[in-house]
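Please read the structure below before turning to the comments.
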Amino acid sequence: MSEWVFFEKLVEVNTPRMLEVQTQAEIDTMVAAVKQNAKTTGLDPRAIFALIIQESKGNVRIHAGDGGRSKGLMQIHSGPTCENIENCSSDLIQSMVSTGTLGNQYASGLKTCYDRYGKDYAKAFRCYNSGSVINELDLVQAGVSTPSYVSDVGNRLRGVVEPEKNCAYPAPGPG
């Protein structure tokens with residue numbers, strides 16, 4: 001975590017791209033929701049925000065992934081979404097962040113993964129993307145999920161806006 005940039009820097013470097021698809025008010029609401037969920041769960045707000053950027057590039061209206069199952073800012077299975085909604089409400093943005101952080105009946109949220117895998121963010125990111133960790137010593141093993149996911153999130157935490165795929169940077173260390 002010593003290589004992670006400050007939360008404010010993560011927001012700053014990603015804001016120009018987010019402003020291409022939504023309002024500053026929606027971004028501010030998302031940032032406030034991240035901070036609130038971090039406070040409530042004890043998670044690092046940078047980890048929550050980096051997952052949002054990885055999953056949706058911070059776009060509150062992102063199209064559903066996985067054939068329409070994964071929805072919202074954190075692309076969680078059957079999560080709330082503002083897809084096709086012109087004015088995304090503060091409550092809906094908060095719900096997207098909360099559902100991705102805490103999970104729902106269909107998918108584990110970041111907090112569940114973090115607790116399940118010994119409060120290790122790298123393993124939590126693999127779990128979030130894959131549903132589980134196949135090999136705790138090799139987080140590239142992803143089954144049908146994205147092999148570079150943990151490295152990609154790790155690079156985002158270092159302030160890289162669009163990480164190169166398979167760039168071989170080490171995954172973020174234990175929480």
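When Glu8 is tested against (1) acidic (Asp, Glu); (2) at pLDDT 95 or above; (3) within 23 Å of Ser130 (Cβ to Cβ), exactly one condition is not met: (3). Quick check: anything in the range 24-41 assigned to a loop (DSSP other than H, G, I, E, B) and either closer than 24 Å to Thr146 by Cβ or among the basic types (Lys, Arg) (or both)? Among the residues of the range 24-41, not one is assigned to a loop (DSSP other than H, G, I, E, B) and either closer than 24 Å to Thr146 by Cβ or among the basic types (Lys, Arg) (or both), which makes the answer no.
In the range 71-89, is there at least one residue being basic (Lys, Arg) and either farther than 20 Å from Arg17 by Cα or more than 13 Å from the chain's Cα centre (by Cα) (or both)? Within the range 71-89 (the criterion being basic (Lys, Arg) and either farther than 20 Å from Arg17 by Cα or more than 13 Å from the chain's Cα centre (by Cα) (or both)), the answer is no, since none of the residues qualifies.
Of the helices (runs of 4 or more DSSP H) that lie entirely inside the range 86-141, those containing 1 or more residues that are free of Cβ contacts under 8 Å to residues at least 40 places away in the same chain and β-branched (Val, Ile, Thr) span 90-102, 110-116. Taken residue by residue, the range 91-108 has no member that is over 14 Å from Glu26 (Cα atoms), modelled with pLDDT of 95 or more and aromatic (Phe, Trp, Tyr). Might you check whether a residue that is at pLDDT 90 or above, in contact with a helix residue (DSSP H, G or I) (Cβ under 6 Å, 6 or more places away or on another chain) and not polar (S, T, N, Q) occurs anywhere in the range 159-175? Yes, there is a match, as at least one residue in the range 159-175 is at pLDDT 90 or above, in contact with a helix residue (DSSP H, G or I) (Cβ under 6 Å, 6 or more places away or on another chain) and not polar (S, T, N, Q).
Total residues in the range 1-33 satisfying the condition of being among the hydrophobic types (A, V, I, L, M, F, W, C) and out of contact with any Gly (no Cβ under 8 Å at 6 or more places or on another chain): the figure is 10. The set of residues in the range 69-85 that are assigned to a loop (DSSP other than H, G, I, E, B) and out of contact with any Leu (no Cβ under 7 Å at 6 or more places or on another chain) comprises Arg69, Gly72, Leu73, Gln75, Ser78, Gly79, Thr81, Glu83, Asn84, Ile85.
Within the range 52-70, residues that are under 17 Å from Leu110 (Cβ atoms) and crowded, with 16+ Cβ neighbours inside 10 Å have Cβ atoms under 9 Å from residues that are modelled with pLDDT under 90 and of a type in the set (A, V, I, L, M) in these pairs: Ile53/Val161; Ser70/Ala64, counting only partners at least 6 apart in sequence or on another chain.
Residues in the range 93-117 that are out of contact with any helix residue (DSSP H, G or I) (no Cβ under 8 Å at 6 or more places or on another chain) and surrounded by fewer than 17 Cβ atoms within 10 Å (Cβ to Cβ): Asn104, Gln105, Tyr106, Asp115.
The values are calculated or read from the model by the stated rules, or taken from the named source; none is laboratory data. Keep in mind that this is a model prediction, so the values were computed, not measured. A quick note on method: Cβ atoms are made from the backbone with ideal geometry, for glycine too, and the neighbour counts reach across all protein chains shown.
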